[in-house]
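The values are calculated or read from the model by the stated rules, or taken from the named source; none is laboratory data. Here the structure is a predicted model, which means the values were calculated and not measured. Here the Cβ positions follow ideal geometry from the backbone for every residue, glycine too, while neighbour counts run over all protein chains shown. The protein model used for the area step is the full one, side chains on, heavy atoms only, and it has no ligands, DNA or RNA in it. Shrake-Rupley method; radii C 1.70, N 1.55, O 1.52, S 1.80 Å.
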Amino acid sequence: MPSVAVFLPTFFAGSWVWSAQIEIMRNNGYEPILFDEPFLKLGDNNNTLPKLVTFVKNALLQYRSQDMVVFGNSMGGYIGLALASDPTFNIRQAFVGGCPGAGENVALGLGVSRILSLNYAHKISRELFHNPCRVDPHMVETTFRAIANRQCFMTGISILRSLQKIDVRDFIGDLAVDTHLIWGLHDRVTPIDPWRELAAINPYLHLHAIADAGHCPMIETPAAFNAVLERTLLQQHPARPGMISEAQPAP
């Protein structure tokens with residue numbers, strides 16, 4: 001069976017945010033596994049971070065016997081670490097960043113906003129990216145139009161509240177998978193400093209600081225992110241050319 005590369009979605013967007021990394025992994029013989037929907041659109045049954053962890057694990061059970069490399073940013077990064085700590089899955093490497101759960105207060109302004117409007121979208125863009133000018137405003141507006149509804153707003157509030165009850169230290173000490181923390185040095189949402197301490201006490205954690213990036217270095221500075229990926233990626237057996245899958249939860 002081919003090795004697979006799992007690309008987790010983010011709070012606001014699906015796996016397409018990993019487009020540059022998907023191509024790298026495909027070229028290195030991995031079958032990409034994608035999630036089309038952002039966490040905000042997964043509904044009331046998945047409206048806390050622990051429920052999202054369960055959703056993702058159920059979706060990936062069909063691949064558990066295959067070698068996996070996991071990619072995740074922000075909440076997806078936390079879920080990636082949870083996967084890498086779970087012996088049910090054959091995770092060989094993880095590439096994550098911007099993870100909550102190390103003592104920060106992630107609110108993203110939803111507590112004062114009434115709707116996911118375009119004004120809110122551009123405000124959040126300025127919070128997520130060190131230099132928002134690098135990000136296509138059309139991409140920002142298109143992303144937020146897809147989630148600008150009351151249900152997504154309420155789901156988002158519920159997920160963000162659940163972040164106050166999680167602590168990555170509950171399982172990070174058990175992680176024994178080659179894990180690369182690729183962090184924007186200017187991440188204002190989930191600052192890098194607590195992760196320096198965590199990386200210092202677990203030899204499987206390798207922290208890479210991207211000097212000119214914020215919360216989403218794979219989008220804002222893809223060349224720097226990809227340089228770390230290509231330097232540290234373990235080689236695998238080739239997959240069938242062109243194969244790609246969408247992750248689905250088990251019935």
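State the answer as a single residue: which of Ser74, Asn119, Ser15 lies farthest towards the positive end of the charge dipole of the chain, with beta carbon charges of +1 for Lys and Arg and -1 for Asp and Glu, about the Cα centre. The Cα lying farthest towards the positive end belongs to Asn119.
Taking Lys and Arg as +1 and Asp and Glu as -1, the other residues whose beta-carbon sits under 13 Å from that of Val96 total -2. In the full protein context, the range 192-237 carries 49 Å² of accessible surface per residue, based on a 1.4 Å probe and ignoring ligands, DNA and RNA.
Count Lys and Arg as plus one, Asp and Glu as minus one, and take only other residues whose Cβ is under 12 Å from that of Ile219; the net charge is then -1. Estimated at 0.36 nm per residue, the fully extended path between Glu37 and His122 surpasses their Cα-Cα distance by 28.5 nm. Packing-based ranking of 151-158, 162-169, 49-56 yields 49-56, 151-158, 162-169, ordered from highest to lowest mean Cβ neighbour count within 10 Å. Per residue of the chain, the DSSP helices (runs of n ≥ 4 H) give a summed -39500 (n - 2.57) that works out to -10500 deg cm²/dmol at 222 nm. For mean projected area of the Cα convex hull in nm², the candidate list reads (1) 13.0; (2) 12.3; (3) 15.7; the entry that matches the value derived from this model is (2). For the chain, find the longest principal axis of its Cα atoms and tell me its angle to the long axis of helix 75-84, 0 to 90°, nearest 10. It works out to around 20 degrees.
When peptides 200-207, 180-187 are ranked by their average number of other Cβ atoms within 10 Å per residue, the highest-first order is 180-187, 200-207.
Probing with 1.4 Å while keeping every protein chain in the model, the per residue accessible area of the range 1-93 equals 32 Å².
On full extension, the segment bounded by Ala200 and Arg150 gains 13.8 nm, given 0.36 nm per residue less the C-alpha separation. Extension gain, Ala20 to Asp170: 0.36 nm times the residue separation minus the Cα-Cα distance gives 50.8 nm. Carbon and sulfur atoms: what percent of the 1.4 Å accessible area of the chain do they account for? C and S fraction of accessible area: 52 percent.
Here the spin labels are modelled as points 7 Å beyond Cα on the Cα-Cβ line, and at Arg64 and Asp44 they lie 2.9 nm apart. Counted by Cβ distance under 14 Å from Met68, the other residues give a net charge of -1, where Lys and Arg count +1 and Asp and Glu count -1. Among 93-100, 13-20, the peptide with the highest mean count of other Cβ atoms within 10 Å heads the list, and the full ranking is 93-100, 13-20.
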